[in-house]
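Please read the structure below before turning to the comments.
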Ligand SMILES: [Zn+2]
Ligand SMILES: [Zn+2]
Ligand SMILES: [Zn+2]
């Protein structure tokens, strides 16, 4: 028999863990109780049900605990925090080929390195290229430098999020 664990009681576990002075013991006790419930104490095993219970009884409470809040919210905040640091910032060597976009660059000093340009929307725009005199840096990821497409797909935080969502294959 599997007892239901509601989101509220998940939170109770999480609070208990947060208050625990011996976290290792508390977590072990929890796992020792839940893991056999999920995998052993059943007449027939049902992989889908098992997976759902692992998510609900093990992963989700642990994520809650690690984030200290709803993990979906926590992930979102982490993304927001890191999205501002998604700049390429590559410093150009003298003679290195740099690219700018006539359609989208705010001014002619806004440039992309070759890697970023190749992965950007500006590849299909009216771009121009020139050799760097050295010392400038790639403006990929700077929302103030480009009318559209400030990030190439390497530095686009949303593209990365899509990638991770696919990796997790979460079914919330
Ligand atoms: Zn770059
Ligand atoms: Zn880039
Ligand atoms: Zn462009």
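Please treat every number below as a calculation from the coordinates, not as lab data. Treat the numbers as computed from the prediction; the structure is a model and nothing was measured. Here the Cβ positions follow ideal geometry from the backbone for every residue, glycine too, while neighbour counts run over all protein chains shown.
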If packing is taken as the average number of other Cβ atoms within 10 Å across a peptide's residues, how do 32-39, 106-113 rank, most packed first? 106-113, 32-39
Could you tell me the calculated FRET efficiency between residue 129 and residue 76, based on Cβ-Cβ distance and R0 = 41 angstrom, to the nearest 0.05? 0.65
So what is the relative contact order of the stretch 1-77, in percent, for Cα pairs below 8 Å that sit 6 or more residues apart? 38 percent
Using the Cα gyration tensor of the stretch 97-155, with a ≥ b ≥ c the square roots of its eigenvalues, what is the shape: rounded (a/c below 1.5), prolate (a/b larger than b/c) or oblate (neither)? rounded
Starting from the Cα of residue 103, move 7 Å in the Cα-to-Cβ direction to define the label point; list residues of the stretch 127-143 whose amide nitrogen is under 11 Å from there. 127
With Rg from the Cα atoms and Rh as the Kirkwood inverse mean 1/r over Cα pairs, the stretch 7-68 has an Rg/Rh of 1.01
Please arrange 139, 72 by how many other C-beta atoms lie within 10 Å of their C-beta, fewest to most. 72, 139
Mind giving me the FRET efficiency for residue 16 and residue 144? R0 is 45 Å, r the Cβ-Cβ distance, nearest 0.05 is fine. 0.45
With a 10 Å Cβ neighbour count serving as the proxy for reagent exposure, in which order, fewest first, do 28, 127 appear? 28, 127
Hey, rough spin-label estimate for residue 9 and residue 48, points 7 angstrom out along Cα→Cβ, what's it come to in nanometres? 2.4 nm
Extending each Cα 7 Å along its Cβ direction at residue 39 and residue 91, get the distance between those two points in nm, one decimal. 5.1 nm
